[in-house]
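To start, the structure under review is shown below, and the notes come after it.
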Amino acid sequence: MAAESETYSQLEIAHVLFMDIVSYSRLPIDQQSELLGQLNQVVRATEQFKAAEAADKLVRLPTGDGMALAFFTSVDAPVRCALEVAEALKSRPKIKLRMGVDSGPVDLIIDVNDRPNVAGAGINMAQRVMDCGDAGHILLSKRVAGDLGQYSKWQPQFHDLGEAEVKHGVIVSLVNLYTDNLGNPAVPEKVQKAQRQQMLVARKVRRRRIEIAALVLITVLSLGAFWWWLNRAPAPGVTSTATDRVGVPAKSIAVLPLENLSDDKENAFFADGIQDDLLTSLAKIKDLKVISRTSVMSYRNKGTRNLREIGKELGVASILEGSVRRVGDRVLVNVQLIDTSNDQHLWAERYDRTLTDSISLQGELANQIAGALRSTLTPEEKARVESKPTDNPDAYVAYLRGREVQLRPETSRENFLSAESFYKQAIALDPKFVLARARLSLVQALIYEYFEQANAPRLAEARANAEEALRLDPNSAEAHSSLARCAQNANDAATTKRELEAAVRLLPNDASLILTAAVTQWGMGWNEEALTNFKRATELGPREPKTFSSYGALLKELGREAEARAAMDRALVLAPESIYFRLQRASAEIFWTGDTSRARAILAKLPAGQDPDGRVTSAYCTLAIFERNFPEALRLLQAYAGETLPQVDSGGFGTQDTKVFNEAIIRLYAGDFARAYELFDFERWKAEVDVWDAPQSAGAHAGLALLYAQMGWKEAALAEVDRALKLDPPVDVFANHWFHFNLARAYTWAGESDAALKQVEFLLHIPWDYKANNFLLDPVWDPLRKDPRFQKLLETKKL
């Protein structure tokens, strides 16, 4: 065994059995302890456990709701152990257990208490295999089943389940182990879901040709009709431009959603596609103010619309609106361009038409509208506006499908993967389709950023697509924006800055792109550029609450309280039922005033009965913790029905974690150290796996250092701090702040006051979402509370 100072020894192959009690966190606390105790007795009584333990070939790792057993004996040891456990549990029906088995490399270490421990891919993958199962399942990776399948006695008990997707998008091949009276023969729900998805994909493929033909026809009809209508001369006696009014630029327009008057949903799909492409083309014209898609979508299906009022709300001089109805193989279109000052129709027409060459018409439409609004296009703008995205109608249809999925409001991995698939189809049909490749790059970067940060090839593919799009068209704003996103994820600050500037220059009126630039610049610490783009984004998206929310958060960090309050309040006016914006506003009140009663008054207006992902419970736990009402915080946590929630000292915005871990936090602050250490120990393996998965991540080492310090493991904590400081700190500003925040907390709980105070002083001097009032209230700083130096720092930095 390695010494404590040599925590990372050489790899060994372990055969791992991972098990947990299903829905453990929903059980009463006393029942949790009782069932865990019974499970421990059952496991320790198995012949495989006793034999491996006697030979010093076993490491047991508690995991809070179960355990992991790493056998260093034979590949069948965990499988035999699982069957023994399943047999014993037949007399204990209250324990609903699931188990997973895999073999793989682990790192065998000795912790600070001289106990053997393990971490690494073998543990991680066994847990992911187990996660695919339901109560009663004993699941094996196909690798383990293959090793054992050569023995005839095992073959009848192995039942192939196919593949399932687990954490970080990893695909695992699964085998279900069951006998006549042990195990669960049912197909796990996750596998059933994967099978249903595969069936749906197959059906979609079979319908593909018919679908594409219909969609292309509708696209051709709709875009062609718009072109014909806008190409007409203005009606006699009607001015060709909107009236200029005080505070409203004459060269400003909102393109409202085209109303679908048909039962055919595909008509709405194409109407939205036309609207989106037209907005993108108009956004390339610097001389125009073009309202964002999100701001105008709220006017969909509103019945009779007061265009004067809409014009005032959006701050535009003209509005384009229309409707689409499909009749057989034709499309009936009504369209009109209206001066919002007097409801005067600049154009109006009803037509019935079919066309075959339509793909480039959105650019021609944008040209006609710009002319009507007397907007002057530079030669470069004219070329960009009129550029044809592709010559392949099938590719264009696939692109429109991907765009529709990408723009759905749900930020889900499933939506992003679906959009990725459609964009890849478009590129397969036309490898020179720049816009599809740029959108593909962005979607892949977002999948990496939100869901697959351990999947480096995903980010590399995203960057390659952005670079190829720019090779094909150096003036693609979308490709520059995508490359900036990729570069930010790769900590490439120079490329991020260069590409963002190019994207905004080439697409100066695209609210979505400008908002993305602002958020990225904020994350990189370029606050002046971020402020400029946030302000522009609010002008182009006057009804987008997310824009005002993000803008307010930056203003808050920069100490501009009045402006920040106004922006956050505007977000709540636009989305009064939003839980996220109300939690943000309550957290800001703590930041500004340190008054928990004011924060409670804001939270009192939350919609009743709604608690997405435990955010509301977390927010109320935070207030109880800040008020040192730890029994109330525990009561709220135990009453929560979910299995995970944001950390209970985060105001509803922290990392999702288990109830066990959150109880550990509360008990630590309450001074119940023995119980806190015990609970932290259940969850410790997760932080250790994070370090194993990303050994060069300074942030991961800092997070593990904090956990060790809160467990009372001072030497191990300081060793992790040392490792963190030897690595490059995170470039992203948010990640960098959290890096120093974790270092400060680790030093605090390790009793290193001098080092802790240096980090606290650093945090108080940077623009960040955690200032003096937070330090005054948060019990994480209680070990420093009586230090005069800490008190002086807070006094000089009070808001």
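A few comments on the model shown:
- A dipole drawn for region 559-667 from +1 and -1 charges on Cβ atoms has a positive end, and of THR655, ALA571, LEU637 the residue lying farthest that way is ALA571.
- Accessible surface of LYS312 - all protein chains present, 1.4 Å probe, nearest 10 Å²: 150 Å²
- Calculated FRET value between GLU577 and SER74, using beta carbons and R₀ = 51 Å, to 0.05: 0.30
- Entries of LYS251/LYS432; LYS497/LYS686; LYS382/LYS556; LYS605/LYS786; LYS251/LYS388; LYS193/LYS497 with Cα pairs more than 31 Å apart: LYS251/LYS432; LYS497/LYS686; LYS382/LYS556; LYS605/LYS786; LYS193/LYS497
- Cβ-defined net charge surrounding ASP492, 15 Å radius [Lys, Arg +1; Asp, Glu -1]: -2
- Additional length obtainable on full extension of the chain from ALA383 to ALA428, 0.36 nm per residue less Cα span: 13.6 nm
- Modelled this way, with points 7 Å down the Cα-to-C-beta line, the labels at ASN181 and THR495 are 6.2 nm from one another.
- Segment LEU472-ASP391, length gained on full extension (0.36 nm per residue, minus Cα span): 27.7 nm
- Solvent-accessible area per residue in region 644-799 equals 40 Å², computed with a 1.4 angstrom probe and all protein chains kept.
- Entry note, region 382-536: relative contact order of 15 percent, from Cα contacts under 8 Å with a spacing of 6+ residues.
- Local net charge near LEU429, Cβ-Cβ under 11 Å (Lys/Arg +1, Asp/Glu -1): -1
- Computed from the C-beta positions of ALA54 and LYS96 and an R0 of 30 Å, the FRET efficiency is 0.50 to the nearest 0.05.
- Apportionment of accessible area to carbon and sulfur, region 457-534, percent (1.4 Å): 51 percent
- Surface listing: GLU563, GLU688 arranged by accessible area from highest to lowest gives GLU563, GLU688, probe 1.4 Å.
- Once backbone amide H atoms are built at 1.01 Å from N, ARG98 has ASP20, VAL22, GLY136 as its partners under 5 Å, excluding neighbours fewer than 5 places away on the same chain.
- Per-residue SASA remark: VAL397, around 0 Å² accessible (1.4 Å probe; ligands, DNA and RNA not included).
- Electrostatic dipole magnitude of region 396-442 [Cβ: Lys, Arg +1; Asp, Glu -1; Cα centre; debye, to 20]: 140 debye
- Neighbour cut-off at most 13 other Cβ (10 Å), DSSP loop, trypsin sites (Lys or Arg not before Pro), region 693-799: LYS726, ARG785, LYS786, LYS798
- Per-residue surface analysis assigns ILE447 an accessible area of about 0 Å², computed on protein heavy atoms at 1.4 Å probe radius.
- Inter-site label distance for GLU449 and ARG305 at 7 Å from Cα along Cβ, in nm: 3.0 nm
- Extension gain, GLU563 to HIS159: 0.36 nm times the residue separation minus the Cα-Cα distance gives 139.2 nm.
- Spin-label pair TYR151-GLU715: with each label point 7 Å from Cα along the Cα-Cβ axis, the two points sit 4.1 nm from one another.
The values are calculated or read from the model by the stated rules, or taken from the named source; none is laboratory data. Remember, predicted model here, so these are calculated numbers, not experimental data. Neighbour counts are summed over all protein chains in view; Cβ atoms, including those assigned to glycine, are modelled from backbone coordinates with ideal geometry. In case anyone asks, the SASA skips ligands and DNA or RNA and just uses the protein heavy atoms, side chains included. Shrake-Rupley method; radii C 1.70, N 1.55, O 1.52, S 1.80 Å.
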